[in-house]
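First up is the structure itself, then whatever we jot down about it.
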């Protein structure tokens, strides 16, 4: 989008545009990459400011004393921004306030850097302005006044444009195909980006969308699952317990480590359960250190006997903690090797076949809101090495709840080796990594959803540890039962056919009719 651009921010007494007031207007004009003009004015409120507003904005009643009313400042503000496009972060609320306070006379195109950030940076932990500023190493302060917020938005904008220009031609061209014939505020920005990317990417790879996916044949076809020994070797329970004792390895490694008798009893019980191939149920209170109490024996067992051990959690949060925090610490600390793998249920992974199908049939399969929701999926698909949708914070911020069902696959839908994208498959890759792992971190949902299916995700195993086991009954009921409600029926019928303004409709039936008529 050509400069100059106007970046705006408003400070208000609340979030209700019909009741609350604008108490500060801020704007910055960006031209040739530099701020050339600023607008910064306070406006008097009708009553005293609530304390939370002062804490949030840094504006006090004393600051507003003697200032003009909001409607007076609003006129000067509108003169400053003119009729062109304006840019703001988390712009929807600001747009609502300006529309209401101008009595529906605010018709400027509003570009939201929050929405743009979700598309070009789909995997960062948050897309708020402060998080983006830290990522781009921009100075910030809190509380921040309106003009300073507008200037920070302008600085973030420049970095987002650089991230946008880093996308491949295949991705940016698909984005523009999805937004064709729409009036989405970001469409012009993506079209201009495609022109720039086209000029510099001629002759490079990733010219078509299939090229963004890697070939995982080496992992999927790998046959390095370890052979179990002819005779099982029992764990040295005393040796494993000594790691947790006073003066043991953990005491020497962890500052402030304290011996916990309850943890030691659990370690001993877990070792004996492995050695005797018996079931063990443990009730461990908070602070016992139960994760370490079962992980350490499990690692030693897998290493000694070359037998895979599955650890299943109820929540993905605990699953992530074990894999990304606890296991790296143990790999670094213990003197035995450990090759872990993380695996989730099929519906957590992007199905490449369905993804490519939806892009090819977007006109008949995707409603307008789903096209917009696809944008962070498109950019993330090029970045991800796991296909796990849990990485994609940009997608979770979109309201299109039913879209992911069109992009993921259940076991009975999977084409397995008949699929032309078999070696691009993220589920197969995850299973390939699990086959060669010692310790597989799964969750209850994937364990119970695997029972009785022909093409399981989990590798074969003889030993499994259920953490958060009090949830097993609920999870088993969920996966062994059948649920039918109005929402599920609505989603299923929408998948078949969803009316559209042009009467053509979207969904499987609409696409089938189109193919027949060709």
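Odds and ends about this structure:
- Among the residues making up segment 488-507, those that are in contact (Cβ under 8 Å) with a residue 60 or more places away in the chain and assigned to a helix (DSSP H, G or I) are 491, 494, 495.
- Among the residues listed as 339, 325, 316, the single one being without any contact (Cβ under 8 Å) to a residue 40 or more places away in the chain and surrounded by fewer than 23 Cβ atoms within 10 Å (Cβ to Cβ): 325
- Filtering segment 220-241 to residues that are modelled with pLDDT of 95 or more and surrounded by 15 or more Cβ atoms within 10 Å (Cβ to Cβ) leaves 235, 237, 240, 241.
- Restricted to segment 279-384, the set of helices (runs of 4 or more DSSP H) holding at least 3 residues that are out of contact with any strand residue (DSSP E or B) (no Cβ under 7 Å at 6 or more places or on another chain) and closer than 29 Å to residue 449 by Cα comprises 290-305, 316-321, 352-360, 375-383.
- Some residue of segment 465-487 being over 27 Å from residue 326 (Cβ atoms), under 24 Å from the mean Cα position of the chain (by Cα) and part of a loop (DSSP other than H, G, I, E, B): no
- Boolean, residue 449 is out of contact with any strand residue (DSSP E or B) (no Cβ under 9 Å at 6 or more places or on another chain) and not assigned by TED's automatic domain parsing to the domain that holds residue 316: no
- Of the criteria (1) within 11 Å of the chain's Cα centre (by Cα); (2) buried (at least 21 other Cβ atoms within 10 Å of the Cβ), which one residue 390 fails: (2)
- Residues located in segment 106-134, provided they are in contact (Cβ under 8 Å) with a residue 24 or more places away in the chain and either within 21 Å of residue 58 (Cβ to Cβ) or in a helix (DSSP H, G or I) (or both): 113, 114, 115, 116, 117, 118, 119, 120, 128, 129, 132
- Of the residues screened, residue 29 is one that is touching a helix residue (DSSP H, G or I) at 6+ places or on another chain (Cβ under 9 Å), within 30 Å of residue 118 (Cα to Cα) and without any contact (Cβ under 8 Å) to a residue 60 or more places away in the chain.
The values are calculated or read from the model by the stated rules, or taken from the named source; none is laboratory data. None of the values given here were measured: they were computed from a predicted structure. Here Cβ is always computed from backbone atoms with ideal geometry, including for glycine, and neighbour counts include all displayed protein chains.
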